[in-house]
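Chemist: Okay, handing you the structure first.
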Amino acid sequence: MSKMILDQFIDKHDWLQEMCRNMPEDIKLHWKIRNYKIGEQVCEQDMEVTHFYILVTGELAVERQFTDGNAYTLSTMQPGFVVGDIEISLNMHFINRVYAIQQSTVLLIETKIYKNWVMNDPYFLRRINYQLAKKLYVAGQKTISSNFHTVRKKILVYFYDFFQSFSSIAQDSYVLVVSREDIAKHLGVSVRSINRVIKDLKDKKIVSVKHKRLIFNEYSRKQISQELAE
């Protein structure tokens with residue numbers, strides 16, 4: 001990619017301009033832009049790390065497959081997140097699988113060139129350290145949730161977080177389009193547990209189900225908020 005094309009691409013995103021403000025000119029020649037469709041894999045668990053990635057648009061999921069065959073979604077990534085930083089620092093293969101859950105665009109650069117950039121750009125190194133700290137914090141919060149929250153509370157928190165994505169103004173309905181398998185993967189619980197909690201919520205008129213849509217209303221939000229506060 002030419003420097004001009006890269007500069008034009010970076011200039012579209014203020015946060016990316018800030019991240020790359022001290023990038024050496026010779027490094028700019030080595031970047032590539034890649035687009036990923038929903039479900040397309042960015043990297044595979046245990047695969048050799050050949051590139052460092054910056055997510056520019058879209059959303060990625062980080063998934064871990066365990067020896068029992070179950071796969072769980074550990075986290076999601078939004079624009080500004082990077083992929084490969086931990087593994088490159090430790091000289092390891094990819095720890096998890098990463099794939100697109102929205103149409104996504106990433107910048108990628110070969111590992112050896114990324115290492116050279118980090119060594120010669122203290123500001124960028126601080127940004128990477130911030131990303132590492134953020135990942136550790138999220139992982140710590142998830143560990144606390146996994147160890148101390150009941151399955152029901154995990155599911156209710158998941159629904160409550162969904163409500164929080166809306167404005168504070170009461171809504172006529174909140175429609176969550178997601179499969180029970182995806183909820184189970186995200187929370188690290190069984191589909192059977194998801195089914196049991198949703199059935200109870202249906203019986204209490206807190207949720208209705210249509211195809212893969214979970215339909216809530218303002219009563220639902222208040223009831224779930226109240227139970228979480230107890």
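Chemist: Compute the relative contact order of the range 3-147 as a whole-number percentage, counting only Cα pairs closer than 8 Å that sit 6 or more residues apart in sequence.
Modeler: Relative contact order comes out at 31 percent.
Chemist: Also: Calculated from DSSP H runs of 4 or more alone, at -39500 (n - 2.57) each and per residue, what is the 222 nm mean residue ellipticity of the chain, nearest 500?
Modeler: -14000 deg cm²/dmol
Chemist: For the chain, what number results from the quotient of the Cα radius of gyration and 2.2 N^0.38 Å?
Modeler: After normalising by residue count via 2.2 N^0.38 Å, the value is 1.17.
Chemist: OK, next. Tell me which trypsin sites (Lys or Arg not before Pro) from the range 32-105 have a DSSP coil assignment and no more than 11 other beta carbons within 10 Å of their own.
Modeler: Taking the range 32-105 and a limit of 11 other Cβ atoms within 10 Å, the loop trypsin sites (Lys or Arg not before Pro) found are LYS37.
Chemist: Let me ask you something else. Can you give the relative contact order of the range 150-229 as a percent, counting alpha carbon pairs under 8 Å and 6+ residues apart?
Modeler: 38
Chemist: In the range 1-78, which GluC sites (Glu not before Pro) fall in coil by DSSP and have 16 or fewer other Cβ atoms within 10 Å?
Modeler: GLU40, GLU44, GLU48, GLU59
Chemist: Using packing as a proxy for protection, rank 172-178, 183-189, 214-220 so that the peptide with the highest average count of other Cβ atoms within 10 Å comes first.
Modeler: Result, highest mean first: 183-189, 214-220, 172-178.
Chemist: MET119 versus ASP200, label points 7 Å from Cα toward the beta carbon: distance in nm?
Modeler: For the pair MET119/ASP200, the computed spacing is 5.6 nm.
Chemist: On to the next question. Under a cut-off of 29 Å between alpha-carbon atoms, report the lysines in cross-link reach of LYS202, not counting same-chain residues fewer than 8 places apart.
Modeler: Within reach: LYS142, LYS153, LYS154, LYS185, LYS210, LYS212, LYS222.
Chemist: Sorted by packing (mean other beta-carbon atoms within 10 Å per residue), highest first, where do 5-15, 78-88 land?
Modeler: With the highest mean Cβ count within 10 Å placed first, the list reads 78-88, 5-15.
Values quoted throughout were computed directly from the atomic coordinates according to the rules given, and no laboratory measurement underlies them. Bear in mind the structure is a predicted one, so any value in this text is a computation, not a measurement. Cβ coordinates were reconstructed from backbone atoms using ideal geometry, including for glycine residues, and neighbour counts include every protein chain displayed.
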